[in-house]
Amino acid sequence: MSGEFLQRLLQRLRQEPAVLDVRVAGEPAGSGEADRVDLHVSAGPGLAPGLPAWTRTLPGCVYSGSEPHGWTLISGDGVEWRLHLQPAGAASGLADGRLHPAGDSPSSGWSEEDLPALAGDFWRDLYRAARAIRQARPLTAHRWLFACGGRLIDLYRAALAPGSAGRGWEGAEEVPGLLSALERVRSALGAPLDVRDQRRAAHRLATAFEALVLPLCERLGVAYPMDLRNLAFAQLDAAAGGEAQPGNSDPQA
């Protein structure tokens, strides 16, 4: 899939009037075991408004979202495509290499519209952690497991204090019931360094997150990133040598 996905992505980018240049860094996916491809995109401000919509509908894409470097896509074969957005002149919305959609401020409150993005970002980070665990890179896995723990706290905080402004660790002690709600995943939030412990922590975080978010997405009628979720569990299975793990076969379990 990777070579075809790259061609579709390049073709679509070059159709954008705001895109001035696209360069692929390193060996393109399909020439080996590449699991990440970096593309440097020089563009004006006209790219920002339409980028989220068309990237999410690109054939073979299972994740599309904003990150500090610009934008990230993940294709169905697990390859990450990082678009490093470089402004051509003074480009509003691209000044720091990142798109800033409405409501993307760390100090903003949480709403139902945030749920698909929150779910996608959690599974993106868990996928990265699982891939690092499979590759025996415990420090990289630690980083992404810690990020997953933070997103789980975001979710619990939003659920337990829906009227509060802000999110995350700051002031979390003031949210009634949050500490007791997190008790069952307390050991996983520490993001251990032993790869076997990391695999167990990843499963615990994943099943806790899914037990909350999947029913909520179904009730609200919003999309759930099932393909990306399955990629993450496939990486964990590969890290365990194919041994079956809890939560992998049935998302409703």
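Every number in this text was worked out from the coordinates using simple rules, so none of it is lab data. Since we're looking at a predicted model, the values are computed, not measured. A quick note on method: Cβ atoms are made from the backbone with ideal geometry, for glycine too, and the neighbour counts reach across all protein chains shown.
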Taking the alpha-carbon centroid of each part, what is the distance from the range 35-79 to the range 173-241 in angstrom? 24
Only Lys, Arg, Asp and Glu count, each charged at its Cβ (+1, +1, -1, -1), so figure out the dipole size of the range 155-225 about its Cα centre, rounded to 20 debye. 220
Distance cut-off 14 Å, percentage of C-alpha pairs in the range 3-86 lying past it: 60
In terms of the Cα gyration tensor, with a ≥ b ≥ c the square roots of its eigenvalues, is the range 187-240 rounded because a/c is under 1.5, prolate because a/b exceeds b/c, or oblate? oblate
Please compute P(r) over all alpha-carbon pairs of the range 111-242, binned at 5 Å starting from zero, and give each bin as a whole-number percent. 2, 11, 22, 22, 20, 13, 7, 2, 0
